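Beneath this line is the structure, given in structure tokens, with notes to follow.
The values are calculated or read from the model by the stated rules, or taken from the named source; none is laboratory data. What you are looking at is a predicted structure, and each value in this text was computed from that prediction instead of being measured. All Cβ positions, even for glycine, are placed from backbone atoms using ideal geometry, and neighbour counts span all protein chains on display.
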Amino acid sequence: MPIVSTADFIRSSAGYIRANVSRANADKNSFLTKAEAQALPRDLKDNFENHRWGAQENQAVTAAKFVERFTNYVAVHAQRADVNGDGFLNSMEAKRLPVDLRDNFRNYAALR
């Protein structure tokens, strides 16, 4: 697994979730339902399940909040995993990411 910049991983993750939430939100309203979330890529489905804070009774979340919270979640945990503070994540540091971000990181790193 290559060493990747934490800033690039965070920036790429923000664009990735924005694009995929927009694509999955079939009716283009401000909510992303559990049914619509099935159209998300596999590596974002676990994040949707883990980030459904304050979900409506119909299990919908505000799409913008999901994007914002996920992006912040990636930023906090990528920076926390960078134990030597060099601005990069190596394979050992990536293991410090929460389980639901490891698949996102692996997919990102595979494209590098």
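When you check residue 5 against the structure, is it within 27 Å of residue 85 (Cβ to Cβ), touching a helix residue (DSSP H, G or I) at 6+ places or on another chain (Cβ under 8 Å), surrounded by 15 or more Cβ atoms within 10 Å (Cβ to Cβ) and modelled with pLDDT of 90 or more, yes or no? No.
Among residues of the stretch 17-35 being touching a residue at least 24 places away in the same chain (Cβ under 8 Å) and not polar (S, T, N, Q), the one that is nearest to residue 107 (Cα to Cα) is 17.
Among the residues making up the stretch 79-102, those that are assigned to a helix (DSSP H, G or I) and closer than 16 Å to residue 10 by Cβ are 79, 80, 81, 93, 94, 100, 101, 102. Among residues of the stretch 41-70 that are at positive phi, those with a Cβ under 7 angstrom from a residue that is modelled with pLDDT of 85 or more and part of a helix (DSSP H, G or I), sequence gap 6+ or separate chain, pair up as 59/34. Just to be sure, is residue 13 in contact (Cβ under 8 Å) with a residue 60 or more places away in the chain and either over 15 Å from the mean Cα position of the chain (by Cα) or within 13 Å of residue 109 (Cα to Cα) (or both)? Yes; evaluated as a whole, the condition is true for this residue.
For the structure I just gave you, tell me whether residue 78 is at pLDDT 95 or above and crowded, with 19+ Cβ neighbours inside 10 Å. The answer is yes for residue 78.
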